[in-house]
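Notes to accompany the following structure.
Nothing in this text is a laboratory measurement; each read-out follows from the coordinates by a stated rule. The structure displayed is predicted, hence computed values, not measured ones. Don't worry about glycine lacking a Cβ; one is built from the backbone with ideal geometry, like all the others, and counts go over all protein chains shown.
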Amino acid sequence: MVIYHLLAVAALFFFTWKGLAIAVVLWWVSGSLGIGIGYHRLLTHRGFRCPKWLEYTLALCGTLALEGGPIFWVGTHRIHHQFTDREGDPHSPRDGKWWSHMGWILVGKAMHQETEAMAAYVPDLRRERFYLWLSRYHWMTQVVVGLAVLGCFGWRATLWGVFLRTVVGLHATWMVNSATHLWGSRRWATGDDSTNNFWVALVTFGEGWHNNHHAHPSSARHGLRWWEIDSNWYVISALRMFGLAREIKLPRENGRIKEIGERPHLPKAGRASVEIAPRANQPVAGD
């Protein structure tokens, strides 16, 4: 972790447009396709279904973020939802702002390879040999891509496309754990500290609409209003258009989590709320 941060800082002194372009592309591949869509909305919450080859490809993209293998990441996030901002939450700001951001990774019990410790939370992933293998060797994709960038584009591009890109991606993801439980607006009475944070949403491709997400965990869409930018949802919508995403889950208006300040005596048509799509291809409010 120290080496990656030092080399990320060094990259700032050796700017290259080619390196910047590689960094941006790999940031989107790892952070959006890999973490946001693959690890989070697909594997963790099963917000939609897709062909197995595409599911495996998205998981491979997720390993490029250097946030651990799918079993570790999915298991940790499912634990977070079970104990959000309570005892047992692996990264709640109630245990300290620094702890929630990266302290839990550096000095906590974050286990990237001990798959048995996550067994109860990832029975679906443990049934597939691919995920057992990928969780053990998740670091290999970073090595392969790093060597490819070094061989094709040189060491300056490697500083940007591997080290700086990875560090920026890590802190962006960690801000979902820390910043979106500290600062932002709350639309839903979730009973925890989750908030919607516009700036975090921008750098995480839509994952910053965290209060929306905690109110509707299985929803493949996090940005529920037209101005809530959610590029991960746009990609999933595109996959649906090409027949590669199906059984897409969306928020239910009659869910158990209510909007803060909603007045039950008003007719449903008089409230700004989210409607469920009875079929996967029917839009929700705001489309």
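Find the lysine pairs in the chain meeting two conditions, Cα atoms under 20 Å apart and a separation of 8 or more places or different chains, and report how many there are. Step by step, the pairs that qualify in the chain add up to 4. Placing +1 on the Cβ of every Lys and Arg and -1 on the Cβ of every Asp and Glu, with no other charges, gives the chain a dipole of roughly 520 debye about its Cα centre.
What the Cα convex hull of region 26-141 gives, in volume per residue, is 104 Å³. Computed with the Debye formula from one identical point scatterer per Cα of region 99-221, without solvent, the log10 of I(q)/I(0) at q = 0.10, 0.17, 0.18 Å⁻¹ comes to -0.45, -1.12, -1.17. Distance between the pseudo-spin-label points of Glu128 and Cys152 (7 Å out from Cα toward the beta carbon): 2.6 nm. Suppose R0 equals 22 Å; then what is the FRET efficiency for Leu6 and Met140 from their Cβ-Cβ distance, rounded to the nearest 0.05? For R0 = 22 Å, the calculated efficiency reads 0.45. Against the longest alpha carbon principal axis of the chain, how many degrees, from 0 to 90 and to the nearest 10, is the axis of helix 17-27 turned? Once rounded, one gets 50 degrees.
Toward the positive end of the charge dipole of region 2-270, with +1 on the Cβ of Lys and Arg and -1 on the Cβ of Asp and Glu, the farthest Cα among Asn232, Val176, His138 is that of Asn232.
With equal scatterers on the alpha carbons only and no solvent term, can you work out the Debye log10 of I(q)/I(0) for the chain at 0.09, 0.13 1/Å? Treating every Cα as an identical point scatterer, log10 I(q)/I(0) equals -0.43, -0.90.
Cβ-to-Cβ counts within 10 Å put Glu207, Glu247, Glu87, Glu128 in ascending order as Glu87, Glu247, Glu128, Glu207, the fewest first. With the simple model of a label 7 Å out from the Cα in the direction of the Cβ, Phe15 to Glu87 spans 5.2 nm. Can you work out the FRET efficiency for the pair Ala117 and Glu247, with r the C-beta to C-beta distance and R0 = 45 Å, to the nearest 0.05? Efficiency computed from Cβ-Cβ geometry: 0.90. Between Lys52 and Arg225, the simple spin-label model (points 7 angstrom out along Cα→Cβ) gives 4.3 nm. Helix 140-153 axis versus longest C-alpha principal axis of the chain: approximately 60°, rounded to the nearest ten.
Normalised radius of gyration (Cα atoms, divided by 2.2 N^0.38 Å) for region 9-93: 1.31.
GNM remark for the chain: springs join alpha carbons under 10 Å apart, and the peak mean-square fluctuation among Gly243, Gly38, Gly223 falls on Gly243.
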